[in-house]
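Derivation of every value follows stated rules applied to the coordinates shown; laboratory data play no part. Since the structure is predicted, the reported quantities are computational estimates derived from the model, not experimental observations. Here the Cβ is made from the backbone with ideal geometry for all residues, glycine too, and neighbour counts use every protein chain on show.
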There are 2 protein chains.
Amino acid sequence: MASLDSSTMEQRWARAIEQWQRLLGEDGVLSEPSERQRVESATFATRQRVPVVLRPANRAEVQGCLRIASEHGVSLYPSSRGRNWGFGSRVPVEDLCGVLELGLMNRIIDFSEDMATITVEPGVTFQQVFDFLEERGSRLFFNVTGSSPWSSPVANALERGDGVGPYGDRTAHTCGLEVVLPDGRVVHTGMARFDGASTATLHRWGVGPSLDGLFAQSNLGIVTRMTFWLKPKPKVLQVVRFRVDDPERLAPLMDGMRQLWFEGTLRSSTGIWNDFRAFSSRRGFPWELGTPLRRDQLEAMISEGVWFGLTTVYSAHEKQAEGNVARLEEALGPLTDLLAIASRVEGDDVRDALIKGTSSMLAPFGDVNAAFKLMSGIPSVASQRSMYWRKRNASADFQTPEADRCGVIWACPLVPLHGRHAAEANAVVEGIILAHGFEPLLGWVIQQERVAYFLVLIIYDRDVPGEDDRAMACHDAILEACKTRGWIPWRLGIQSMQTLPAGRDDTDGVLREFKRLVDPQGILAPGRYVSG
Amino acid sequence: MASLDSSTMEQRWARAIEQWQRLLGEDGVLSEPSERQRVESATFATRQRVPVVLRPANRAEVQGCLRIASEHGVSLYPSSRGRNWGFGSRVPVEDLCGVLELGLMNRIIDFSEDMATITVEPGVTFQQVFDFLEERGSRLFFNVTGSSPWSSPVANALERGDGVGPYGDRTAHTCGLEVVLPDGRVVHTGMARFDGASTATLHRWGVGPSLDGLFAQSNLGIVTRMTFWLKPKPKVLQVVRFRVDDPERLAPLMDGMRQLWFEGTLRSSTGIWNDFRAFSSRRGFPWELGTPLRRDQLEAMISEGVWFGLTTVYSAHEKQAEGNVARLEEALGPLTDLLAIASRVEGDDVRDALIKGTSSMLAPFGDVNAAFKLMSGIPSVASQRSMYWRKRNASADFQTPEADRCGVIWACPLVPLHGRHAAEANAVVEGIILAHGFEPLLGWVIQQERVAYFLVLIIYDRDVPGEDDRAMACHDAILEACKTRGWIPWRLGIQSMQTLPAGRDDTDGVLREFKRLVDPQGILAPGRYVSG
């Protein structure tokens, strides 16, 4: 479309906007400069222009929006709640796409206390689900993300984001997607495609080929409904904190983690954060020291600890909890310099138990009660602070990092859950970040048995001239270095869709054909994971 | 193709066979009557004619076979080890397809002791994987199926069959499929599509849309390689047996099961079998009583027990095992009439502990040591006996049910893991089976948290005139009755591909288009789950 002259393009958009207004009403079609600027802004530099924001309220309106886009040959890019922070926020991958904001589609469609399921639209937030369960006095909880209370679970799952606590691999614990294809057709995944199927919200595979996987990290359809699986509140909840003080201990720690995941002692999302990351999430930037904060400066402030780990164990009986403590002590004791397991038995107070180390060593982990809340599915804004770490004057509520000119870029290499790989990846990435003049804010999330999700965070101030370019160069260098070592990213920002290595087979071609089949004009989210 | 006159068809096949012979050699192309009869026989009546059996030895030969089929407009139907017993064995869904037997593709391609993965071709058997691990003195084990030691893990996973013990939902614990599309192109799923990806065998999703789901229960490609995840041998293995003596107790038992799965006390495949099924798998048919065996006759022989359950708990520490016993006693004690937990700590002898009931009540479960072997990944032929239950003169090795004229038909409705549903499904199905003059051989397999795989087995003697028709009528009536109640099957036999309810959306149409895209002539397994 770039080759069309601009007046033709403008006419197309004008005609399409007219029709969208008829479909959605004036309120459903936003094109004033402030709105456009809102969706054109990310937490890093972007150039994409967005001609219009559409706000459909239901599936039929989504279909109508797509039909009109198709008629006029213009593209749309869906966004649920716009919290894709560090990956591009609401900004489309390509220039000149309208943004289809699904925030008005915020109904909770179905809920079962017995079967522990909830079916929601993409505009529903984590906070909304939490409130819904609280109001009903439900004995169930929904695991949150490390992001915002106002993030969308549907979007989180479709980006293969992780959940805190159980069902950390969120994607694996969803089913029954309702999807509008770009050509307006509708599919339901699994058993949900059959009327009256009693297992529509209970089973991922269905019968015959399974389509769920096609709609995660893709542009093959707009998911307008999805079922999430919930967990009963446990009899005993245990928050496990551990620490190593020597960088050489990362490798054996990761090998120990793999063993604990294989055997099933650990089954909940496990985070392991380095000293920079732990420090940045607890304290403001020490401006008196200048930027970047150097390792020797950091070490002068926090005398102990190189890696800080946090996980949870959910048990249905106190003796199971005791058994898990015994096993964790046996397996993690020799690998760590601090091991603390805090327990809460059904509504009782938290009892903190140090297995190894002293209580002063717990300080960098922050308040244990906050961890209990988070691990019980209570949404929190705490983690949003970290986006503002390099901003001297942070806004009051940490809610608008784009407008506040926070610089935030994630890089997400997928690394084998193996000590040698983790240590090497850490060294490679830390070296690149230091060379680019940023702090290495590094973490690992383990939510499956065989891989570690490496979470590399670049935080900077977009108001510092040149930092946008320098930060993105750093990010790109990280992805490139990881790629050549076989650590392919598990998630991409809008700026990186073209950075995957060339495949060794026909997958790209087949995906492109699937795309053309459901979207012959390429009107839905062009360039997003699947090229046109 | 049915509309072509038969001489044209014969010429096509003749020319194709000539080319296949050039490609595979004489030994790779079998068309003598005995071979054709072998692949035309199932454990129920079929009419499909198979003109030829092809035996490619590698991926290139698979591609060559497909190219030749495409050139001549004839169809091929893949079979790994041919143990699709009760679902059609090696017989194609449609008439006049060649059978592509993948048994020569039996290489173990890759293995990692550290990461607990094994990558195999479709001709590899469970026995072969077991022997491979034993030879290396591996500390890992591979969970078997309830089928034969000579079944194919790849085929089992692609049919979404279940595993015994951990990773019961086998499909969820595979990745890195290599797939030859009908048009000869090759795709690898997940990270395996990138050269040198260190997570190729470790992660299912990859980056971007995930394709694995497309190739299970489908005809969209031939899987020529797949990675399976293994488990370390546990410190403590516990075999849990339980029983209820009153049919009314099934519903609360199933609700209790759901709770134990939700909380994670149970995570291994759990089987619950009715009295008929338990009896038939332990004892020969009491011919002196005539057929069918009536419930009152059965009850006269086994005085106690209506449902017999078996599951396992794998622990890494003795205290964890103790905790699990405490919880199982608390949760299952009130719901059962017998509860026995036998434990084995690393290589030690089995210690049997009765929680509730007397040891005489354990008899119908058979030898507990056999259960330990099976749950440790040691393949067994034991379950194959049941196929011969209605045969007066069984062959020595129970290996050739088709040639021995065993009648075996499975029906597989998927039912919510909920007491009311399970009890109702059981009543409906038992009624239909009794009305058709067969024994209700019923079981449930639980390998996920929210669904129960209902395993309905019809066993008969194909040499009894009329039984083929009567058994299939019974099977069809079961599927129909379940369908109208929302219990859609999770797996289909070759005779039932057309029995799914009409979808409420465009899924069928989209699947058909995917099929045409990769298989424009419909040469691969026409009619199998996806219609052409």
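Subtracting the Cα-Cα distance from 0.36 nm times the residue separation, let me have the gained length for A:Thr484 to A:Glu346 in nm, one decimal. Provide the component values of the computation, followed by the final result.
Values: separation 138, 0.36 × 138 = 49.68 nm, distance 4.86 nm.
Between A:Thr484 and A:Glu346, full extension yields an extra 44.8 nm.
Please give the helix A:467-484 orientation as an angle from the longest Cα principal axis of chain A, in degrees from 0 to 90, rounded to the nearest 10.
80 degrees
Please report the base-10 log of the normalised intensity I(q)/I(0) for the range B:260-357, using a Debye sum with one equal scatterer per alpha carbon and no solvent, at each q in 0.14, 0.21 (1/Å).
With one equal scatterer per Cα and no solvent, log10 I(q)/I(0) is -0.67, -1.11.
Within 10 Å of each Cβ of A:186-194, how many other protein chain Cβ atoms are there on average?
Numbers: counts 5, 8, 5, 2, 3, 6, 4, 11, 10.
Counting Cβ atoms of other protein chains within 10 Å of each residue's Cβ and averaging gives 6.
How far, in degrees from 0 to 90, does helix B:126-135 lean away from the longest principal axis of the Cα atoms of chain B, to the nearest 10?
70 degrees
So, in nm, how far is label B:Ala45 from label B:Glu304 when the simple model puts each one 7 Å beyond its Cα toward the Cβ?
4.5 nm
Would you mind listing how long chain B runs along its three principal axes, going by Cα atoms, in whole Å with the largest first?
The principal-axis extents, from largest down, are 69, 57, 49 Å.
Report the calculated FRET efficiency for B:Arg22 and A:Glu513 (r = Cβ-Cβ distance, R0 = 30 Å), to the nearest 0.05.
On the way: r = 31 Å, r/R0 = 1.04.
For R0 = 30 Å, the calculated efficiency reads 0.45.
Taking amide H atoms as placed 1.01 Å from N in the peptide plane, list the residues 5 or more away in sequence, or in a different chain, whose amide H sits under 5 Å from that of B:Ile109.
Excluding prolines and chain starts, which carry no amide H, the hits are B:Thr119, B:Val120, B:Glu121.
Net charge near B:Arg49, counting Lys/Arg +1 and Asp/Glu -1 over other residues with Cβ under 9 Å of its Cβ? It would help to have the intermediate numbers written out before the result.
Details: positive: B:Arg36, B:Arg47; negative: B:Glu40, B:Asp95.
Cβ neighbours under 9 Å give a net charge of 0.
Please sort B:104-114, B:343-353, A:416-426 by packing, taking for each peptide the average over its residues of neighbouring beta carbons within 10 angstrom, highest first.
A:416-426, B:104-114, B:343-353
Looking only at the range B:252-287, which residues have a backbone nitrogen under 14 Å from a spot 7 Å from the Cα of A:Phe132 in the C-beta direction?
none
Report the calculated FRET efficiency for B:Ser34 and B:Arg405 (r = Cβ-Cβ distance, R0 = 22 Å), to the nearest 0.05. Write down the numbers at each step before the final one.
Working: r = 16 Å, r/R0 = 0.73.
E(calc), rounded to 0.05, equals 0.85.
For the pair A:Leu289 and B:Lys373, how long in nm is the line joining their label points, each one 7 Å along Cα→Cβ?
About 6.4 nm, to one decimal.
Can you pull the mean other chain C-beta count within 10 Å for peptide B:223-231? Please report the intermediate quantities before stating the final value.
Working: counts 0, 0, 0, 0, 0, 0, 4, 1, 4.
That average works out to 1.
For A:413-419, what's the mean count of beta carbons from other chains sitting within 10 Å of each residue's beta carbon?
Mean partner-chain Cβ count within 10 Å for A:413-419: 5.
Given H placed 1.01 Å from N in the peptide plane, which residues other than close sequence neighbours of A:Ser151 have an amide H under 5 Å from its amide H?
Excluding prolines and chain starts, which carry no amide H, the hits are A:Phe126, A:Gln127.
Treating the beta-carbon of each Lys and Arg as +1 and of each Asp and Glu as -1, no other charges, what is the dipole magnitude of the range A:337-479 about its Cα centre, to the nearest 20 debye? Intermediate values should be presented prior to the final figure.
Working: 13 positive and 19 negative charges, 31 e Å.
Using Cβ point charges on Lys, Arg, Asp and Glu, the range A:337-479 gives about 160 debye.
Compute the acute angle (0 to 90°) between the alpha-carbon long axis of helix A:507-518 and the principal axis of greatest extent of the alpha-carbon atoms of chain A; round to the nearest 10°.
Between the helix axis and the principal axis of chain A, the angle is about 50 degrees.
Could you order peptides A:82-95, A:508-521 by the average number of other Cβ atoms within 10 Å of their residues, highest first? List each step's numbers first, then the result.
Details: A:82-95: 22.9, A:508-521: 17.8.
With the highest mean Cβ count within 10 Å placed first, the list reads A:82-95, A:508-521.
Quantify how much of the Cα-Cα distance distribution of the range A:6-101 extends past 17 Å, in percent. Please report the intermediate quantities before stating the final value.
Working: 2082 of 4560 pairs.
Result for the distance tail: 46 percent.
Among A:491-499, B:61-69, what's the highest-first ranking by average C-beta atoms within 10 angstrom per residue? Before the final figure, lay out each step's value.
Numbers: A:491-499: 19.7, B:61-69: 21.8.
Most protected by this proxy first, the peptides run B:61-69, A:491-499.
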